[in-house]
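These notes concern the structure reproduced below.
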Amino acid sequence: MAISAIGIIFSNLHEENVPELVRKRTMASILFGGRYRLVDFALSNMVNSDIMTVGLMASNNYRSLIDHIGSGKDWDLARKDGGLILLPPFSDREDHSYSTRMEALVSLRGFLRKRSEKYVVLADTDGIAKMNFKDVIKFHEKKNSDITLVTHVHEIERTKDFMLVNANEDGRVTEVKIAPHVAPKTTAEVFVNTMVLNRQFLLNLVEDAVVHGYTSFDNDIILKQLNSLKIYRYEFKGYYASIDSMASYFKHNMNLLKKEIRDELFADRDVYTKVRDSAPSKYGVEAIVHNSLISDGCEIDGTVENCILFRGVKIAKGAVVRNSIIMQDSVIGANASLNCVIADKNVVITDRRQLCGCEDLPYFIQKGTML
């Protein structure tokens, strides 16, 4: 039975962290793990938590996102009442797309007023996790919280656009720090851009923000009203991957080659994505494949080690591809050599090319490029 909650997913926030990957797509449309898009994880978490009304808000470059989600049938969200709802990207106050969470929420007032659900789950698409929102909502109810922030303790890799959270023993937030200067690899409790609020309370917050000219949810609501509002944190203790740089994108894809992380993300609860009817992958007589994720429709005649290959990738005879992410329908020519490379969709690497990056700075090739 569906719970009394709606979900809202912001598909374009945090794109400044991975500009290479979002030149022709939204953050939500970034490919991950061989066959998924980032939006699949947020959508699947909501559906698996019995949230069957989900609003998806896109600002620009959303053609590939719409093509991916379609009517929402692959997530069981093609419904007459509720289901997957594409939300308009324009603010009521100005004739331009939203650039902050607050601007997005202002433009959603009409949608929120028309709904009758008690709670709203707000989520971004820059994080990958298997999360049960029922547990977060139960925690929110138990604490009689105004805002419940989902947090996770991990190493901080990015240098901006994050919020550190401190809470007392009861879970009430006592301090937040927005984009503080911290030493690299610092371990701290970080807000993971997911929160739960009562729908009517959220509407009141947004109306008050319009009156006072507030522009930032983090600064004007959470930070400035920390003492007057009951803000709690729900600490998520499962596996969480933050896509906040090209290095982190590379790292978290490569982490899927570890069985324990694959089990953490995909065992027990399904992650849904668009179904594409492709032939099984084909391996040539001289093909060598070791410790790699190979999607359907690939043709491999060379050597592939510690790689993630998306659908329809072709690896020619004599090619050696190591520690790389090769996206959909890309072609690697004969006797080419790749190491620590991220090749976007429809890339063609001609014969005998040698390309090499490193884990912290992978060699990235734009979509549709021929080298």
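What net charge do the residues around Asp263 carry, taking every other residue with its C-beta under 13 Å from that of Asp263, with Lys and Arg at +1 and Asp and Glu at -1? Around Asp263, the surrounding residues sum to +2. Beyond 17 Å, the tail of the calculated P(r) for the range 1-129 holds 55 percent of the Cα pairs. Charged side chains reduced to their Cβ positions (Lys and Arg at +1, Asp and Glu at -1) give the range 237-371 a dipole of some 180 debye around its Cα centre. Which of Asp301, Asp50, Asp360 moves most in a GNM of the chain, Cα contacts under 10 Å? Largest GNM mean-square fluctuation: Asp360.
Using C-alpha pairs under 8 Å with a sequence gap of at least 6, the mean separation divided by the residue count of the chain gives a relative contact order of 14 percent. Simple point charges give the picture: +1 on the Cβ of Lys and Arg, -1 on the Cβ of Asp and Glu, and for the range 1-134 a dipole about the Cα centre of about 340 debye. Rounded to the nearest 500, the 222 nm mean residue ellipticity of the chain from helices alone is -5500 deg cm²/dmol, with -39,500 (n - 2.57) taken per DSSP H run of at least 4 residues.
Net charge dipole, the range 3-61: roughly 220 debye, given to the nearest 20, about the Cα centre with Cβ charges of +1 for Lys and Arg and -1 for Asp and Glu. Can you give me the angle between helix 199-212 and the longest principal axis of the chain, using Cα atoms only, in degrees from 0 to 90, rounded to the nearest 10? Between the helix axis and the principal axis of the chain, the angle is about 80 degrees. Centre-to-centre, using Cα atoms only, the range 300-314 and the range 148-189 are separated by 38 Å.
So how tilted is helix 133-143 from the main axis of the chain? Cα-based, degrees 0 to 90, rounded to 10. For helix 133-143, the angle is close to 20 degrees. Surface composition of the chain: carbon plus sulfur atoms hold 47% of the accessible area, using a 1.4 angstrom probe and ignoring ligands, DNA and RNA. Given the options Ile9, Ala179, Met102, identify the residue whose Cα lies farthest towards the positive end of the charge dipole of the chain (+1 on Cβ of Lys, Arg; -1 on Cβ of Asp, Glu). With unit charges placed on the Cβ atoms, the residue in question is Ile9.
Using every pair of alpha-carbon atoms in the chain, split the distances into 20 Å bins beginning at 0 and state the percent of pairs per bin, rounded to integers. Each 20 Å bin holds this share of Cα pairs: 28, 55, 16, 0.
Taken over the Cα atoms of the range 238-357, the convex hull encloses 106 Å³ per residue.
Taking all protein chains into account, the per residue accessible area for the chain stands at 44 Å² (1.4 Å probe).
Quick one: which of Lys142/Lys237; Lys274/Lys345; Lys138/Lys185; Lys118/Lys142; Lys73/Lys259; Lys177/Lys230 span more than 23 angstrom between C-alpha atoms? Going by Cα-Cα distance, Lys138/Lys185; Lys73/Lys259 fall outside the 23 Å limit.
The values are calculated or read from the model by the stated rules, or taken from the named source; none is laboratory data. Predicted, not measured: the structure shown is a model, and the values here were computed from it. Positions of Cβ are generated from backbone atoms using ideal geometry, with glycine treated the same way; all protein chains shown enter the neighbour counts. The protein model used for the area step is the full one, side chains on, heavy atoms only, and it has no ligands, DNA or RNA in it. Shrake-Rupley method; radii C 1.70, N 1.55, O 1.52, S 1.80 Å.
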